[in-house]
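Computed from the coordinates by the stated procedures, all read-outs in this text should not be read as laboratory data. Just so it is clear, the structure is predicted and the values come from calculations on it, not from any experiment. Positions of Cβ are backbone-derived with ideal geometry, glycine not excepted, and every protein chain shown enters the neighbour counts.
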Amino acid sequence: MALLQKNHTLSSEFIILGFGDLVELQIFFFGLFLIMYLVTLTGHTTIVLITLIDSCLQTPMYFFLRNLSTIEICYILVIVPNMLANFLCRSQQMPFLGCALQMHLFIALGGVGCFLLAMMAYDRFVAICNPLRYTVIITRALCLQMLTLACISGFALSLTLTMLIFLLPFCQSHEINHFFCDIPAVLFLACSDTRAKEIAVFPVCMLILLIPFLLILLSYAFIIAAILRMHSAEGRSKAFSTCAGHLLVSVLHYGCAIFIYIRPKSCYTPEQDKIVSLIYTNVIPMLYPMIYSLRNKEVKGALRRLLVSYNQMRQQPNVTALTVLLIMLGDDPIFYHKEAPTAIVPLSGSGRS
């Protein structure tokens, strides 16, 4: 605690340099990433809404997808607004505790996302490799337990990692050559020998990144083997289509994260890290809804039914805001149309997705 107080005294704030060296492109980048930010928020919010409302999407796979999208919304809210503000000025002051909080939330939400991707791989493994026992194994209670475990693990490991880093003395430059308080950028400013801390940080990164990724790869090894044993070409195509989106998202997510965080301080290159982090925090989250929905007939069908219900609602006279909400939640008789979903069923009530 004394070290933390001393550290806070030596460095009451950090300076986030961001992209101050690209003055002539600041406005262009601000507009570009603002559009990407709005597209990302819209895409993930849409997934959350339709997986909550549509009765056909009340399966474990979409339960995890809904929570993954919720995590992604919180994740980009931690990083992107500050980044956009940084585009409008050469540098940005960040309080010591504010920087620590941003890093903690960033790591925690990213860690929860990593664990959820691993749990989605397990869900696909059971659905394809053991379909007859799917509803017995993947129950609503198990899904809630896994989600709770992911959240507790993500925030606990993040708190440990953040404390390890911010207990270091920052007695030299306080200028962070990045657009947010990222681990390598902050660790680079420490003026003491950080090798011991790096050794302590590595196992935490292993638990958050490498172990879940290896579990995903192991699950997909069994999944691919099971798919190749299928006699039906239609069954193989459906199985590959269901898993392809999740596998692509996992490779993108873990690939960038492992490149940035599983390496020593001596390999830190600020400009390269900023570019990879831009992709990791802006481009990839924007692609998630597209990857999961463009080739997913169930999601597109749910969105179509939602639009049908909304159009029916607009045609009704004297529709109030409360009526709109009731219709969207499926509590209005208009909602029970042959083109619309019938009712929300329990999570464990659906077998395969």
Sequence order, region 33-47: Karplus ³J(HN,Hα) from phi using 6.51 cos²θ - 1.76 cosθ + 1.60, θ = phi - 60°, Hz rounded, Gly and Pro as x, gives 6, 5, 4, 4, 4, 5, 5, 5, 4, 5, x, 5, 5, 4, 4
Note, region 48-62: 3J(HN,Hα) by Karplus (6.51, -1.76, 1.60, θ = phi - 60°), whole Hz, Gly/Pro = x, goes 4, 5, 6, 6, 7, 8, 6, 5, 6, 10, 9, 10, x, 4, 7
So, with points 7 Å from each Cα along the Cβ direction, the E24-L303 label distance in nm works out to 3.9
P(r) of region 131-254 over all Cα-Cα pairs, 10 Å bins starting at 0, rounded to whole percent, reads 10, 27, 28, 17, 12, 5, 1
With x for Gly and Pro, the residue-by-residue ³J(HN,Hα) of region 245-253, computed from phi through the Karplus equation 6.51 cos²θ - 1.76 cosθ + 1.60 at θ = phi - 60° and given in whole Hz, is x, 5, 5, 5, 4, 4, 5, 5, 5
So V251 and M290, fully extended at 0.36 nm per residue minus their Cα-Cα distance, gain in nm 12.5 nm
Shape descriptor, region 24-309: equivalent ellipsoid semi-axes (Cα gyration tensor, sqrt 5λ, whole Å, largest first) stand at 36, 23, 16
The simple spin-label model distance between R263 and I137, using points 7 Å out along Cα→Cβ, in nm, is 3.7
The answer for E13, listing residues at least 5 apart or on another chain whose modeled amide H is closer than 5 Å to its amide H, is F96
Using eta = 0.890 mPa s and T = 25 °C, Stokes-Einstein with Kirkwood Rh from Cα pairs puts D for region 38-111, in µm² s⁻¹, at 175
In region 24-309, lysine pairs 8 or more places apart or on different chains with C-alpha atoms under 30 Å apart total 5
